[in-house]
Amino acid sequence: MLAHLAGEIPRFFTPQKLVLLLEAMGTTLLMTAIGCVLGFLLAFGIVFLRQTTGRLALPLRLAAVFYVEIFRRIPFLVVIYLVLFFIQAFVSDASLFAIAVIAICIYSTAYTADIIRGGFESVARQQVEAAAAMNFGRWQTW
Amino acid sequence: MPHIAKAIYPALANFFVVILVMGTSVGAVIGVDELTGTAINISTENYRWIEMFIVVAGLYVVLTLIASLSLALVGRWAFRVKAKVF
């Protein structure tokens with residue numbers, strides 16, 4: 001059995017198959033990198049909206065909270081199918097790679113926003129108050 | 001800001017690896033040519049499912065090890081995150 005398997009190995013690992021697999025590995029890495037970096041940048045926007053104060057900005061705050069809470073509660077498989085069919089309804093020849101990247105982006109935005117919010121909330125309240133007492137604006141405090 | 005970066009960097013790096021494995025492999029169901037999708041394509045041609053997926057599992061382990069190690073090094077260099085690798 002083992003000798004038989006060992007004899008099969010050269011037939012199994014043909015160079016073109018390995019090249020195919022390595023290319024696929026690169027695609028996987030590229031998808032993750034684009035999705036996570038874009039998601040990280042968008043998540044900062046979400047967190048900024050979520051931390052606004054005052055009554056006028058209430059819709060923004062609500063929108064940010066809704067976005068994060070909804071997409072954290074939908075499985076990724078469902079998100080990717082939703083993105084696939086929504087985009088294919090409008091752009092019939094969209095590339096699957098782009099669709100997957102968009103889905104990853106949406107998903108990672110929601111999760112990263114919560115991670116970043118956790119980071120901001122871990123700053124002691126006294127430090128934020130100290131920054132406010134020294135007349136720092138919100139941007140400077142950040 | 002710097003101390004926030006230090007606080008959230010490990011979680012972000014962890015999330016990157018999670019997306020790297022779980023997120024992208026789900027892309028196979030809609031037919032993107034990434035690692036799992038390519039494995040399925042090759043296996044449907046030659047019916048070597050077990051062998052193919054053992055190889056793919058190994059490739060995923062290598063990929064995530066490289067990713068998490070390099071992310072830990074970046075974190076140590078940029079934010080002084082003291083991640084214990086071993």
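The values are calculated or read from the model by the stated rules, or taken from the named source; none is laboratory data. Computed from a predicted structure; not experimentally measured. Every residue, glycine as well, gets a Cβ built from its backbone with ideal geometry; the counts of neighbours run over all protein chains shown. Heads up: the accessible areas ignore ligands, DNA and RNA and are worked out on the full protein's heavy atoms, side chains in. Shrake-Rupley method; radii C 1.70, N 1.55, O 1.52, S 1.80 Å.
As a length-normalised measure over Cα pairs under 8 Å and 6 or more apart, the relative contact order of chain A settles at 32 percent. Treating r as the C-beta distance of A:Leu18 and A:Leu82 and R0 as 30 Å, the FRET efficiency rounds to 0.30. Think of it as helices only: each DSSP H run of n ≥ 4 in chain A is worth -39500 (n - 2.57), and spread over all residues that comes to -27000 deg cm²/dmol at 222 nm.
Mind checking the angle between helix B:35-46 and chain B's longest principal axis? C-alpha axes, 0 to 90 degrees, to the nearest 10. The answer is roughly 20 degrees. Loop-located trypsin sites (Lys or Arg not before Pro) in chain B (DSSP state not H, G, I, E or B) with no more than 13 neighbouring Cβ atoms inside 10 Å: B:Arg80, B:Lys82, B:Lys84.
When the accessible area of the protein assembly as shown is split by element with a 1.4 Å probe, what percent falls to carbon and sulfur?
Numbers: 9930 of 13780 Å².
Using a 1.4 Å probe with all protein chains present, the protein assembly as shown comes out at 72 percent carbon and sulfur.
Compute the distance from the alpha-carbon center of region A:56-110 to that of region B:10-84, in whole Å. Here the answer is 22 Å between Cα centres.
Placing +1 on the Cβ of every Lys and Arg and -1 on the Cβ of every Asp and Glu, with nothing else charged, gives the protein assembly as shown a dipole about its Cα centre of roughly 1000 debye. To the nearest 0.05, how large is the calculated FRET efficiency for A:Glu129 and A:Arg72 if R₀ is 35 Å and r is the Cβ-Cβ distance? It comes to 0.70. In this simple spin-label approximation, A:Phe44 and B:Val29 carry label points 7 Å from Cα along the Cα→Cβ vector, and these lie 3.3 nm apart. Comparing each chain alone with all protein chains together (probe 1.4 Å, DNA, RNA and ligands left out), the residues of region B:11-25 losing at least 50 Å² of accessible area are B:Leu12, B:Phe15, B:Phe16, B:Ile19, B:Thr24.
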